[in-house]
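The values are calculated or read from the model by the stated rules, or taken from the named source; none is laboratory data. None of these values were measured; they are calculated from a predicted model. Glycine also receives a Cβ, built like all others from the backbone with ideal geometry; neighbour counts cover every protein chain displayed.
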Amino acid sequence: MDESNQTTASTQNCAGISPEAKPESGNKNPGRQDILKWNGWGYSDSQFLIKDGQAQFTGSRYILGGHSFPKLVQWFTKECHADVSITSPSKPLPDPSTIPSAQLNQPFLDGIKETAVQFTLDPHVRLFHGHGHTCHEIFELRHGMLHRIPDIVIWPSCHKDVEEIVRLAVEHNVCIIPFGGGTSVSNALECPVAEKRMIVSLDMTEMKKILWVDEENLVAHIEAGIIGQELERQVSNM
């Protein structure tokens, strides 16, 4: 491919050269775990509720947000033969002490600390990264508990960060599971219960730049962590 046709959109900023990058700092962790449901699909502030016999959709992220749907419950009952009086409430977010403890590989962890790549050992963040969205995973979250989850979550900022994390993982015999949007339905995020090695959830959400665009060949180089909404936003600003 002729590189002269490529228009540079963004450059990568690696954690090692970013002065604000501080692993396990007091700063808020990257990623979307604070706005998404920990035990189901979608955003935590967006859901259907039934109030006074009418369905309502909460939140303001979608055009449905804040609206009532007078005939939805009637339609659901008639056409789907559903009984809306039967409920199955999910468990609340578990106490950190009940979440599977991290199995740490200290030499690997020491190496990660030296890279300045952001990471966390927080139990709730690890739980969020320990599953996809298959039916059995969601059922376990709502009514049971996952028995094996990642031991650490790491957020690389660029290609070189990923290379260094992989190098350390190979050197210290550590497992890596890449994490994108977290909506896998192929068991790709499920941690094997029998796995005794340290498991890393490699969250790609900090890598969300369009690096270059080749308009002539209709090709673009985009980092692995971008989601559709962010891609549309960046393209509209180009």
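Filter the range 134-156 down to the residues that are modelled with pLDDT of 95 or more and either within 13 Å of ALA224 (Cα to Cα) or charged (D, E, K, R) (or both) and list them by number.
Our first condition is that a residue be modelled with pLDDT of 95 or more; within the range 134-156, this holds for 148-156.
Across the range 134-156, the qualifying residues are ARG148, ASP151, TRP155, PRO156.
Would you check if VAL170 is β-branched (Val, Ile, Thr), at pLDDT 95 or above and over 19 Å from the mean Cα position of the chain (by Cα)? Walk me through it before giving the result.
Values: β-branched (Val, Ile, Thr): yes; at pLDDT 95 or above: yes; over 19 Å from the mean Cα position of the chain (by Cα): yes.
Yes; evaluated as a whole, the condition is true for this residue.
Mind listing whichever residues of the range 36-64 are acidic (Asp, Glu) and more than 21 Å from the chain's Cα centre (by Cα)?
Step one: filter the range 36-64 for residues acidic (Asp, Glu), giving 45, 52.
ASP52 - this is the single residue of the range 36-64 that is acidic (Asp, Glu) and more than 21 Å from the chain's Cα centre (by Cα).
Would you check if there is a residue in the range 76-93 being touching a strand residue (DSSP E or B) at 6+ places or on another chain (Cβ under 6 Å) and polar (S, T, N, Q)?
Taking every residue of the range 76-93 in turn, none turns out to be touching a strand residue (DSSP E or B) at 6+ places or on another chain (Cβ under 6 Å) and polar (S, T, N, Q).
Restricting attention to the range 104-112, does a residue exist that is surrounded by 14 or more Cβ atoms within 10 Å (Cβ to Cβ), under 22 Å from the mean Cα position of the chain (by Cα) and not small (Gly, Ala, Ser)?
There is at least one residue in the range 104-112 that is surrounded by 14 or more Cβ atoms within 10 Å (Cβ to Cβ), under 22 Å from the mean Cα position of the chain (by Cα) and not small (Gly, Ala, Ser).
Could you grab me the full set of residues in the range 190-215 that are out of contact with any strand residue (DSSP E or B) (no Cβ under 6 Å at 6 or more places or on another chain) and either surrounded by 12 or more Cβ atoms within 10 Å (Cβ to Cβ) or under 25 Å from PHE128 (Cα atoms) (or both)?
Here is the first cut: in the range 190-215, the residues out of contact with any strand residue (DSSP E or B) (no Cβ under 6 Å at 6 or more places or on another chain) are 190, 192-196, 198, 204-205, 207-209, 215.
Result: GLU190, PRO192, VAL193, ALA194, GLU195, LYS196, MET198, MET204, THR205, MET207, LYS208, LYS209.
So SER101 clears everything in (1) assigned to a loop (DSSP other than H, G, I, E, B); (2) surrounded by 13 or more Cβ atoms within 10 Å (Cβ to Cβ) except one condition, right? Which one?
(2) is the only condition that SER101 fails.
When you go through (1) under 27 Å from SER184 (Cβ atoms); (2) at pLDDT below 90 one by one for PRO96, which number turns out not to apply?
(2)
State whether one or more residues within the range 215-236 are among the hydroxyl-bearing types (Ser, Thr, Tyr) and part of a loop (DSSP other than H, G, I, E, B).
Step one: of the range 215-236, the residues among the hydroxyl-bearing types (Ser, Thr, Tyr) are 236.
Retained after the next criterion (residues that are part of a loop (DSSP other than H, G, I, E, B)): none.
No: zero hits.
From the set of residues in the range 210-238 that are of a type in the set (D, E, K, R) and within 17 Å of the chain's Cα centre (by Cα), which is modelled with the lowest pLDDT?
So, considering only residues that are of a type in the set (D, E, K, R) and within 17 Å of the chain's Cα centre (by Cα), the one modelled with the lowest pLDDT is GLU230.
Is it true that GLN54 is polar (S, T, N, Q), in contact with a helix residue (DSSP H, G or I) (Cβ under 7 Å, 6 or more places away or on another chain) and either loosely packed, with under 10 Cβ neighbours inside 10 Å or modelled with pLDDT of 90 or more (or both)? Full working, then the answer.
Working: polar (S, T, N, Q): yes; in contact with a helix residue (DSSP H, G or I) (Cβ under 7 Å, 6 or more places away or on another chain): yes; either loosely packed, with under 10 Cβ neighbours inside 10 Å or modelled with pLDDT of 90 or more (or both): yes.
Against the criterion (polar (S, T, N, Q), in contact with a helix residue (DSSP H, G or I) (Cβ under 7 Å, 6 or more places away or on another chain) and either loosely packed, with under 10 Cβ neighbours inside 10 Å or modelled with pLDDT of 90 or more (or both)), GLN54 qualifies.
What helices (runs of 4 or more DSSP H) completely inside the range 116-193 contain at least 3 residues that are closer than 23 Å to PRO30 by Cβ and touching a residue at least 60 places away in the same chain (Cβ under 8 Å)? Let's see the steps before the verdict.
Numbers: elements: 123-128, 135-143, 159-172.
Qualifying helices (runs of 4 or more DSSP H): 123-128, 159-172.
Given the criteria of a type outside the set (A, V, I, L, M), in contact (Cβ under 8 Å) with a residue 60 or more places away in the chain and over 17 Å from SER10 (Cβ atoms), does ASP203 qualify? Talk me through it step by step, then tell me what you get.
Details: of a type outside the set (A, V, I, L, M): yes; in contact (Cβ under 8 Å) with a residue 60 or more places away in the chain: yes; over 17 Å from SER10 (Cβ atoms): yes.
Yes, satisfied.
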